[in-house]
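Student: Structure in structure tokens, see below.
The values are calculated or read from the model by the stated rules, or taken from the named source; none is laboratory data. Quick caveat: nothing in here was measured; it's all calculated off a predicted structure. Note: ideal-geometry Cβ built from the backbone for every residue, glycine included; neighbour counts use all protein chains shown. Each accessible area value is taken on the protein alone, full model and side chains, heavy atoms only, with ligands, DNA and RNA left out. Shrake-Rupley method; radii C 1.70, N 1.55, O 1.52, S 1.80 Å.
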Amino acid sequence: MDQTARMILLRSLPLFGGMPEARLQTLAANARATRYAPGALLAVKEQAADVFHCIATGQAKVYRAGPDGREQTLFLLGPGEPFCLCTLVDSASFPAFAAALAETLVLEFPTKALAEAIQDSPQAFTDLMRLMCGRFKEAMAMIESLALRDLPGRVAVFLLHEAGRALSGDLVRLSISQREVAKIVGATPEALSRALKKLAEAGHVVVRGRKIEIRDRAGLEAAAAGNTEG
């Protein structure tokens with residue numbers, strides 16, 4: 001990817017849209033574009049982190065892995081979404097793993113260059129803070145869901161969140177496999193399948209592979225709140 005292509009790409013990403021042209025030129029000149037195959041690691045837990053990453057195209061996940069190998073997905077990342085945010089204020093190692101879920105193009109910037117660019121652009125700083133606050137709220141919602149809800153409730157929360165994020169009304173089109181969804185809601189694929197079946201039998205959803213139609217939103221919201229019978 002040449003300098004011109006990197007500039008076009010940076011202008012299209014929300015985090016960089018408010019930056020002055022000169023700063024964008026500097027960032028583009030210092031950016032390295034790397035393409036990752038599905039399943040490839042983008043960042044490794046406890047790896048020294050001196051660069052800032054941003055998804056250009058594709059999709060990735062940030063996750064933790066337990067001693068037994070089980071994974072808990074923390075965030076899904078799409079085009080324009082950064083990770084390794086901690087490198088802007090802390091030189092410590094990356095606290096989780098990141099892996100590609102599809103063929104993914106990642107832009108990598110020296111942390112110092114990005115920090116200087118954000119200092120010059122109040123709008124970019126505001127956009128970054130908004131993104132970090134959103135991540136914090138997502139993390140708190142996940143902790144609450146995993147700790148306080150049964151599995152059907154966690155699945156209901158996930159489906160309502162996806163429907164709202166995609167602005168797709170009552171149709172959720174999963175961009176990831178059900179195996180990956182299971183890692184988000186803290187379940188095995190088999191347990192996730194049973195939870196979806198339970199929600200379908202209650203009339204809340206209709207499941208057709210990666211397409212899940214919400215038939216009874218009020219019922220699904222009740223399941224998400226833990227207000228179910230039996």
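Student: When you look at ARG64, is it surrounded by fewer than 18 Cβ atoms within 10 Å (Cβ to Cβ), modelled with pLDDT of 85 or more and under 15 Å from ARG135 (Cβ atoms), yes or no?
Tutor: Yes, satisfied.
Student: While we're here: Just the residues that are closer than 15 Å to LEU114 by Cβ and free of Cβ contacts under 8 Å to residues at least 12 places away in the same chain, please, taken from region 18-60.
Tutor: Listed by number, the list holds a single entry, ALA22.
Student: Answer yes if at least one residue in region 217-224 is open to solvent by less than 60 Å² (accessible area, probe 1.4 Å), assigned to a helix (DSSP H, G or I), under 29 Å from GLY69 (Cα atoms) and aliphatic (A, V, I, L, M), and no otherwise.
Tutor: Looking for residues that are open to solvent by less than 60 Å² (accessible area, probe 1.4 Å), assigned to a helix (DSSP H, G or I), under 29 Å from GLY69 (Cα atoms) and aliphatic (A, V, I, L, M), one finds at least one in region 217-224, hence yes.
Student: Pick from region 191-212 the residues that are at pLDDT below 95 and among the charged types (D, E, K, R): which of them is farthest from LEU146 (Cα to Cα)?
Tutor: Across region 191-212, the extreme among qualifying residues is ARG208.
Student: Tell me which of these ALA163 doesn't satisfy, since it passes every other one: (1) part of a helix (DSSP H, G or I); (2) under 20 Å from GLN72 (Cα atoms).
Tutor: (2)
Student: Are there any pairs, at least 6 apart or on different chains, whose C-beta atoms fall under 6 Å, with the first in region 133-155 and charged (D, E, K, R) and the second open to solvent by less than 80 Å² (accessible area, probe 1.4 Å), and if so, which?
Tutor: Close Cβ pairs satisfying both conditions: ARG149/GLY226; ARG154/SER145; ARG154/VAL185.
Student: While we're here: Which condition breaks for CYS86 when tested against (1) over 20 Å from the mean Cα position of the chain (by Cα); (2) open to solvent by 10 Å² or more (accessible area, probe 1.4 Å)?
Tutor: Checking CYS86 against (1) over 20 Å from the mean Cα position of the chain (by Cα); (2) open to solvent by 10 Å² or more (accessible area, probe 1.4 Å), the one that fails is (1).
Student: If I ask for residues that are aliphatic (A, V, I, L, M) and within 24 Å of the chain's Cα centre (by Cα), which ones from region 208-222 would you list?
Tutor: ILE212, ILE214, LEU220
Student: Something else: Find the residue count for region 30-51, including only residues that are assigned to a helix (DSSP H, G or I) and open to solvent by less than 60 Å² (accessible area, probe 1.4 Å).
Tutor: Counting residues in region 30-51 that are assigned to a helix (DSSP H, G or I) and open to solvent by less than 60 Å² (accessible area, probe 1.4 Å) gives 0.
Student: Those residues that are part of a helix (DSSP H, G or I) and open to solvent by less than 50 Å² (accessible area, probe 1.4 Å), I need them from region 166-193; list them, please.
Tutor: GLU180, VAL181, ALA182, LYS183, ILE184, VAL185, PRO189, ALA191, LEU192
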